[in-house]
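**Student:** Would you mind keeping the following structure in view while I ask a few things?
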Amino acid sequence: MSKTAKKKPYLQTLALGGLSLASYYFLFTHVNQVMEYFVKGGIYAALPIATALYFSIVHGSFASNVLSILGLQAAKGTGH
Amino acid sequence: MKKWIVVLFTAVFMLMMFAPAAFAESAPPDNFKIGSFTQVNEASHTATFVPSDTNEPATVKLDEAIKAEDVKLDDKAMVSFSDSNGSETVTEITVMFLGLTRDKLIALLIVGLVGGLLSGFIGSGGAFVLTPAMMSLGAPGAVAVASNMCHKFPKAMVGSYKRFRYGQVDVKLGLVVAGSAIAGVQVGFQIQKWILNTWGSAGSDLYVSFVFVIILVVVGGIIFKDAVTTAKGKTEVKTPKLAARLQKIKIPPMIHFKKADVVISAWVTMPVGFATGLLAATIAVGGFVGVPGMIYMIGATAMVASATELLVAFVMGMWGSIQWALAGLVDIRLVLIILAASLFGVQLGALGTTYVRDHTIKLVMGTVMLIVAVSRGVKVPVYLAHLNIISLDKNLANLLDSISFWALIAALLVAGGIISAAMVKGIVRSRIEEKEAAVAGRA
């Protein structure tokens, strides 16, 4: 392996993956309560929106790190 | 630049506040309540219904068409009411949440992954297959639309962030298009409503299909032809003729879009956004006109247009999701299952764009649009039969339905195939070049 190769974010990926998995586990093991509140509408509309945003950040960062570990990165010279 | 962006963000969100009905993909229905039944009384043909919002049980009458066994106790349901007979009567009961089996889970993950890949690459797509896919798995139409939208905006957010980092998003252009698209959605929704009231559901389906097929065949054909022509040439075509002509119109306010490298009148950008919104409200895939509009009318490259469309999808999707969530129709389980795969797909599609040239994005977009046009086109005879304009054999109608569904799946698979092949080719080429450069450096 070349000396200039970037260090792969194993630890970060593991932490994010763990957090994402735990979040999915929590949500799906409490699905009845979740569905009770998430469909109430009105002010409760914030719940599905915030949840979708939360998962997109946690799981999205995890996915991004997995792709980096797999060596799938943007072509050199593109942005940063 | 920064001042401009703050002003535009404020303008777009102000517009949202004053446009309460502005959301893509038609409006959430309003003649229903969400809740569950706890008891049915066959003798009096009534049931005890507990609405989710108030939790106060009430006895409701059941319409004659509803049998006692149709009332599933304790399942969350969308319940439609009519005020006939002077009191509230239940006219329709739709169980809201489909049971999730392993097969359904796998289907949602696969469609999510490929749909995400497509969105990351061409800026839109995924929605055209996700909503019908959820419905064919058993989700009611309204829940499928709501869940699709609530999954779309975080996916578009992640995708646009990635492509912003690759230097492909024109934030100002995205906000201008999103702002005018909100106005387009309003008008599109009113047209839909008028058609629905005048010609009913089959008439509305026919209108949607007609618009869908015409636009997809014409625009998809133009993009496909352009992709093939530019793929043959060694260099990309600079500015399309129409965009070059439109850029000469100097009616103020003129806007400078830095990333797109275009100075153009707001009177040109606004119709593009407006048409995007109009189409989003009509055929649910605004990006199919937004991206070509940004390329052929404004003069952005396919790379910038597809990246910018993700920002437009985020802004519009977020607003739409709020509306559908207010109505309580989002099935968060579906949203999160699809996101689990689509967040990988969208980032893979986004990084894929860094290995390809403009014509590959156009090729994928043109191909997808033409196949999706076939999918909707074959349904036209079905809707004509519903309107009693032609007669259609039941078996033939079923066959056309399945051709329509499988054409959507084919569109996803073909697009996924082209994107993956182009990406692998690009990555291999880039690694060979890196190795050659390293060898040359050592020598």
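The values are calculated or read from the model by the stated rules, or taken from the named source; none is laboratory data. Source: prediction; values computed, not measured. Positions of Cβ are backbone-derived with ideal geometry, glycine not excepted, and every protein chain shown enters the neighbour counts.
**Student:** Where residues in the range B:344-363 are in contact with a Phe, Trp or Tyr (Cβ under 8 Å, 6 or more places away or on another chain) and within 26 Å of A:ILE69 (Cβ to Cβ), which of them is surrounded by the fewest Cβ atoms within 10 Å (Cβ to Cβ)?
**Tutor:** B:THR354
**Student:** Residue by residue through the range A:23-64, note down the ones that are in contact with a helix residue (DSSP H, G or I) (Cβ under 6 Å, 6 or more places away or on another chain), at pLDDT below 95 and more than 9 Å from chain B (Cβ to nearest Cβ).
**Tutor:** Matches in the range A:23-64: none.
**Student:** Next up: Any residue that is without any contact (Cβ under 8 Å) to a residue 40 or more places away in the chain, touching a helix residue (DSSP H, G or I) at 6+ places or on another chain (Cβ under 9 Å) and under 27 Å from B:SER342 (Cβ atoms) - is there at least one of those in the range B:383-401?
**Tutor:** Yes, the range B:383-401 contains at least one residue that is without any contact (Cβ under 8 Å) to a residue 40 or more places away in the chain, touching a helix residue (DSSP H, G or I) at 6+ places or on another chain (Cβ under 9 Å) and under 27 Å from B:SER342 (Cβ atoms).
**Student:** Name the residue, out of B:LEU339, B:LEU370, that is in contact with a Pro (Cβ under 9 Å, 6 or more places away or on another chain), more than 23 Å from B:VAL185 (Cα to Cα) and in a helix (DSSP H, G or I).
**Tutor:** Matching residue, one of B:LEU339, B:LEU370: B:LEU339.
**Student:** I'm told B:VAL291 meets every condition in (1) of a type outside the set (Asp, Glu); (2) at pLDDT 90 or above; (3) surrounded by fewer than 22 Cβ atoms within 10 Å (Cβ to Cβ) except one. Can you identify the failing condition by its number?
**Tutor:** So the condition that B:VAL291 fails would be (3).
**Student:** Same structure, new question: Do you know which residues across the range A:67-78 are within 7 Å of chain B (Cβ to nearest Cβ) and in a helix (DSSP H, G or I)?
**Tutor:** A:LEU67
So that you can scan it fast, the table gives a plain yes or no per residue for (1) touching a Phe, Trp or Tyr at 6+ places or on another chain (Cβ under 8 Å); (2) over 12 Å from B:LEU310 (Cα atoms):
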residue	(1), (2)
B:ASP103	no, yes
B:MET134	no, yes
B:GLY138	no, yes
B:VAL145	yes, yes
B:LYS155	no, no
B:GLY167	no, yes
B:VAL177	no, no
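**Student:** Yes or no: the range B:83-91 includes at least one residue that is without any contact (Cβ under 8 Å) to a residue 40 or more places away in the chain, closer than 24 Å to B:ALA139 by Cα and loosely packed, with under 13 Cβ neighbours inside 10 Å.
**Tutor:** There is no residue in the range B:83-91 that is without any contact (Cβ under 8 Å) to a residue 40 or more places away in the chain, closer than 24 Å to B:ALA139 by Cα and loosely packed, with under 13 Cβ neighbours inside 10 Å.
**Student:** Okay, next question. Is there any pair linking a residue in the range B:322-336 that is outside any helix (DSSP H, G or I) to one that is among the polar types (S, T, N, Q), with Cβ under 6 Å and at least six apart or on different chains, and which?
**Tutor:** Hits for this filter: B:VAL330/B:SER147; B:ASP331/B:SER147.
**Student:** For the range B:194-243, enumerate the residues that are among the β-branched types (Val, Ile, Thr), without any contact (Cβ under 8 Å) to a residue 12 or more places away in the chain and either surrounded by 14 or more Cβ atoms within 10 Å (Cβ to Cβ) or part of a helix (DSSP H, G or I) (or both).
**Tutor:** Result: B:THR198, B:ILE214, B:VAL218, B:THR229.
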